[in-house]
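Student: Mind having a look at this structure? Questions to follow.
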Amino acid sequence: MLILIAIGVMAGAAAFTHVHDLTVAHGQPDWIGWANAVAVELMAIYLGLEIRARRRAGRPVGMVGVLLVAFSLLSLAAQVAEAEPSVWGWIVAAVPSLAFLALVKVVLSGAGATTAPPEPEQPQSDWYDEPEQVEPVSPAPVEPPAPAAVLASVRVVQPNRPQVVGIIR
C-alpha cells in the first residue's frame, strides 16, 4: 500500500506540475494553472470512478469513456509539450501521466471485487397475488318456505263505523 501511495503522489505531482507549467507558459495566471491541473488530472480519476459505477448499474458508459480518453490525452499532451523535442524526451515526460492513469486503473479495478447488496424485501402490501381459479358453483334451487300461517283478508263491517280491512296471520 505504501508503494501505491508513493507512486500516486509522485506521478500526480509531476502530472499536476506539467499541466500547471504549460498553462502558465501560455499566459495564464499562476492560480489558473493550478486550477487547470486540478481539473484535468482529477477529472480523469472521477471519470474512472463513474465508469465503474455505471458498469455495476448496467448503464451505458460510452460518453463517459470518450471523456476519459479526452482528459487522459489532454494530460498526456501537457506532459509531452513540456518535454525536450525528441522521442526519448516525450517518452520520459509521458511516464508520470501514464503511471498516474495506470495506478488509478489498478486501484479502481481492484476495488470492485465486492458483490452488490441484496435488494430489500418489498412489503407484502405491495405484492400482487393472482386470484385463485375457482370452478363456478351453480346455486342450489331455492324452494319456497312452507307456509307458517295462512293469510286471510277479513272485512269487518259495522254500522256507522268506517270499514277496516286487516290481515290475519
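Student: Cβ-Cβ distance below 8 Å, separation of 6 or more or different chains: which pairs start in the range 68-82 with a residue that is under 15 Å from Val104 (Cα atoms) and at pLDDT 85 or above and end on one that is of a type in the set (Val, Ile, Thr) and in a helix (DSSP H, G or I)?
Tutor: Leu68/Ile51; Phe71/Val40; Ser75/Val19; Ser75/Val40
Student: Could I ask something else about it? Is one or more of the residues making up the range 31-40 open to solvent by 20 Å² or more (accessible area, probe 1.4 Å), assigned to a helix (DSSP H, G or I) and among the polar types (S, T, N, Q)?
Tutor: Yes, the range 31-40 contains at least one residue that is open to solvent by 20 Å² or more (accessible area, probe 1.4 Å), assigned to a helix (DSSP H, G or I) and among the polar types (S, T, N, Q).
The values are calculated or read from the model by the stated rules, or taken from the named source; none is laboratory data. No experiment lies behind these values; they were computed from the predicted model shown. Backbone-built Cβ (ideal geometry, glycine too); neighbour counts: all protein chains shown. What goes into the accessible areas is simple: the full protein's heavy atoms, side chains included, and nothing from ligands, DNA or RNA. Shrake-Rupley method; radii C 1.70, N 1.55, O 1.52, S 1.80 Å.
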